[in-house]
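The structure under discussion appears below in the form of structure tokens.
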Amino acid sequence: SGVALDQGAGQIGKVTAAWRIGYQAPFPGKNPVAAIAGGIKDVPADIKDNVTNIWQILTTPGSGGVSNFSGPVGIAHATSDAANTGFMYWLGLVGLVSLSLGIINILPIPPFDGGRLVMVLGEAVARRRMRGQIEMAFIAAGVLAIVTLAVFITINDIKGF
């Protein structure tokens, strides 16, 4: 049938086998349940690392600031590189992008959920509803800041190629 089984000694007391059908795992893996549990266990540390990195980029002079971020062009290029490297690398990048977008969504910038939460908490502290015009002004300022940042990040992405 053209499909062969390679057997050899793996870790002490274990035998490893890989079906040769054009794909081999990039590293000796765990069973799916253990792999999923390990991935879930790693999420808090990954979130902490992402938040720390974003904070350092924004607060450390000379770190490069906006040039350390990737926009759609940079993400597309990184996705292409990861896909060419292997499925597991691509899947890791997809997870990293999802996690990063989740973190950005909770930042206290008005158009995002974190910004909305800050406005709701402000209304709760003031015990009155914010006027619609003021709320729209905050949201418009946030959108303007995000669009400006996106333009600078995209320009930096294009310059990098």
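The values are calculated or read from the model by the stated rules, or taken from the named source; none is laboratory data. Computed from a predicted model, the values in this text were never measured in an experiment. Note that we place each Cβ from the backbone using ideal geometry, even for glycine, and neighbour counts take in every protein chain shown. Side chains included, ligands, DNA and RNA excluded: accessible areas come from the protein's heavy atoms. Shrake-Rupley method; radii C 1.70, N 1.55, O 1.52, S 1.80 Å.
Of all the accessible heavy-atom surface of segment 55-161, with the other protein chains kept in place and a 1.4 Å probe, what percent is carbon and sulfur?
71
Taking 0.36 nm per residue of separation and subtracting the Cα-Cα distance, what length does fully extending PHE112 through ASN31 add?
Gain on extension, PHE112 to ASN31, equals 25.4 nm.
Probe of 1.4 angstrom, ligands and nucleic acids ignored: what's the accessible area per residue over segment 69-161, in square angstrom?
Each residue of segment 69-161 exposes 69 Å² on average to a 1.4 Å probe.
Note down the magnitude of the dipole of segment 45-135 about its Cα centre, charges +1 on Lys and Arg C-beta and -1 on Asp and Glu C-beta and zero elsewhere, to the nearest 20 debye.
For this selection, approximately 520 debye.
When you count, for each residue, the other Cβ atoms within 10 Å and take the mean per peptide, how do 114-123, 127-136 rank with the highest first?
By packing density, highest mean first, the sequence is 114-123, 127-136.
Just to be sure I understand the model, the point goes 7 Å from the Cα along the line to the Cβ. What's the resulting VAL147 to VAL51 distance in nm?
3.1
What does the extension gain come out to for ARG129 and LEU101, with contour length at 0.36 nm per residue minus their alpha carbon separation?
Full extension of this stretch gives 7.2 nm more.
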